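Chemist: Below are the C-alpha cells for one structure; questions will follow.
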Amino acid sequence: MPVRGMPFRDRRAARHRPDGSPSEEEIRAHVAGLASAAAAEVEPVPTVVADRTAAAFFDVDNTMMMGASLFWFARGLASRKYLSSRDLARFAWQQAKFRVAGNESAGDMLNIRESALAFVAGREVSEITRAGEEIYDELMADRIWSGTRNLAQQHIDAGQRVWLVTATPVELASIIAHRLGLTGALGTVSEVVDGRYTGRLVGELMHGEAKAEAVRALADREDLDLSRCTAYSDSANDLPMLSLTGTSVAVNPDTELRAVARSRGWTVRDFRTGRKAARIGVPTVAAAALTGGVVGGAVALRRKRA
C-alpha cells in the first residue's frame with residue numbers, strides 16, 4: 001500500500017523501470033494528481049465543531065451517479081451542436097475497450113488524449129461551465145443515487161469535508177459537487193491560458209493511480225489523516241484510491257471490486273435493483289466513451305466546425 005509522506009520514487013519502487021526511474025505513466029499520474037489537488041476548491045468547514053483531519057472521497061460514475069456522468073454531459077453537448085455523432089462513436093469505442101479490459105496500452109492512451117484535446121483547444125472555460133450547469137440540471141440531477149448522497153451527508157453532518165474524485169473534467173466535477181452541497185472535487189485538469197483551453201492536458205487523466213495521487217496531495221495540503229478518511233467507489237480501477245484510506249467502501253461494485261472487498265473485509269453497499277442495474281449498464285458500457293477518460297480536462301468541448 002502506498003504510504004503517505006514517502007517520496008514519489010520510493011512509493012513506486014516496485015513499478016519503476018529497471019534503472020529505478022519512474023515510468024512516463026507514473027510521472028503523468030503524479031503530475032495529474034498534484035494539478036487536480038491544486039485546482040480543488042476548499043469550502044469553509046460547515047460546522048462550528050468540525051472534524052478537520054477526516055474526510056470522505058467519492059467516485060462519481062456508478063457510485064454517486066447512475067451511469068457515466070460524461071455520457072450525459074456529452075449528450076447535452078451534442079444537443080447543443082458541440083460535437084458530432086462520429087465524435088461520440090469514436091470516444092465510445094475507445095472507452096468501451098478501456099472499461100472491458102480494465103487498462104489501456106500506451107497507444108490507446110495517446111489516441112484518447114489527442115482526440116479529446118482536439119475538441120477542447122481554443123474554447124472558453126466560462127462557456128463550457130455554463131453549458132455544464134444547464135446539462136447537470138437537465139440530465140444528471142435525477143440520476144444521483146439517493147443512498148450514496150445520504151452517505152456523503154453523514155460525513156458532512158459529522159463535520160467532515162467531502163470531495164468527489166473523478167476522471168470527469170474538473171469544471172463539471174465541481175458543478176456536481178456544488179449542486180450536491182459537497183466541499184469540492186478532484187477532476188481531470190486541462191491547461192488554460194487567458195480563460196481558454198490550450199488543448200494540452202496537465203499530467204494524465206484522473207484515473208487509477210492519478211486519483212490516489214490527487215487524494216494524497218490534497219491530504220498533504222489540508223493536513224488530513226488518511227487513516228481516518230473514507231473512500232467510496234464502484235470499480236476495481238479505483239483500488240489505488242481505496243487502498244489509500246483507513247476505511248474503504250464498495251458502492252454498487254463491479255465483480256472484481258466485490259471480490260476484493262469481500263477478501264479485505266470492506267463494507268459493500270449496493271443501491272441497485274436487478275432491473276435498474278441492467279438498465280443503467282447500457283449507457284455505462286456501450287457509451288463508455290464517456291466514463292473515465294474521454295476528456296483531457298474537458299471532453300468534446302469545441303463546437304463542430306462547419
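The values are calculated or read from the model by the stated rules, or taken from the named source; none is laboratory data. What you are looking at is a predicted structure, and each value in this text was computed from that prediction instead of being measured. Cβ placement follows ideal geometry from the backbone for every residue including glycine, while neighbour counts extend to all protein chains displayed.
Chemist: Is it fair to say A14 is outside any loop (DSSP other than H, G, I, E, B), of a type in the set (G, A, S), within 20 Å of K211 (Cβ to Cβ) and at pLDDT below 55?
Modeler: In short, yes.
Chemist: Would you be able to tell me the number of residues in the range 179-200 that are in a strand (DSSP E or B), touching a residue at least 12 places away in the same chain (Cβ under 8 Å) and hydrophobic (A, V, I, L, M, F, W, C)?
Modeler: Of the residues in the range 179-200, 3 are in a strand (DSSP E or B), touching a residue at least 12 places away in the same chain (Cβ under 8 Å) and hydrophobic (A, V, I, L, M, F, W, C).
Chemist: Just one of R9, R28, R75 is modelled with pLDDT under 80, touching a Gly at 6+ places or on another chain (Cβ under 9 Å) and within 25 Å of P169 (Cα to Cα); which is it?
Modeler: Only one candidate qualifies: R28.
Chemist: Can you find a residue that is surrounded by 24 or more Cβ atoms within 10 Å (Cβ to Cβ) and in contact with a Leu (Cβ under 7 Å, 6 or more places away or on another chain) anywhere in the range 189-196?
Modeler: Looking for residues that are surrounded by 24 or more Cβ atoms within 10 Å (Cβ to Cβ) and in contact with a Leu (Cβ under 7 Å, 6 or more places away or on another chain), one finds at least one in the range 189-196, hence yes.
Chemist: How about the range 52-65: which of its residues are assigned to a loop (DSSP other than H, G, I, E, B), over 14 Å from the mean Cα position of the chain (by Cα) and of a type outside the set (D, E, K, R)?
Modeler: T53, A54
Chemist: Something else now. One residue is enough: does the range 108-120 have a residue meeting the conditions over 15 Å from the mean Cα position of the chain (by Cα) and at pLDDT 65 or above?
Modeler: yes
Chemist: Within the range 143-159, is even one residue farther than 21 Å from V251 by Cβ, out of contact with any Leu (no Cβ under 7 Å at 6 or more places or on another chain), at pLDDT below 95 and surrounded by fewer than 18 Cβ atoms within 10 Å (Cβ to Cβ)?
Modeler: Checked the range 143-159: at least one residue is farther than 21 Å from V251 by Cβ, out of contact with any Leu (no Cβ under 7 Å at 6 or more places or on another chain), at pLDDT below 95 and surrounded by fewer than 18 Cβ atoms within 10 Å (Cβ to Cβ).
Chemist: For the range 67-83, which residues satisfy the criterion of being touching a residue at least 24 places away in the same chain (Cβ under 8 Å) and either surrounded by fewer than 24 Cβ atoms within 10 Å (Cβ to Cβ) or not aliphatic (A, V, I, L, M) (or both)?
Modeler: Selection gives G67, S69, F71, W72, F73, R75, G76, R80, K81, Y82, L83.
Chemist: Pairs please, first residue from the range 23-42 and more than 9 Å from E209 (Cβ to Cβ) and β-branched (V, I, T), second anywhere and surrounded by fewer than 24 Cβ atoms within 10 Å (Cβ to Cβ) and modelled with pLDDT of 70 or more, Cβ atoms under 6 Å, 6+ apart in sequence or on different chains.
Modeler: Correct list of pairs: V31/G203.
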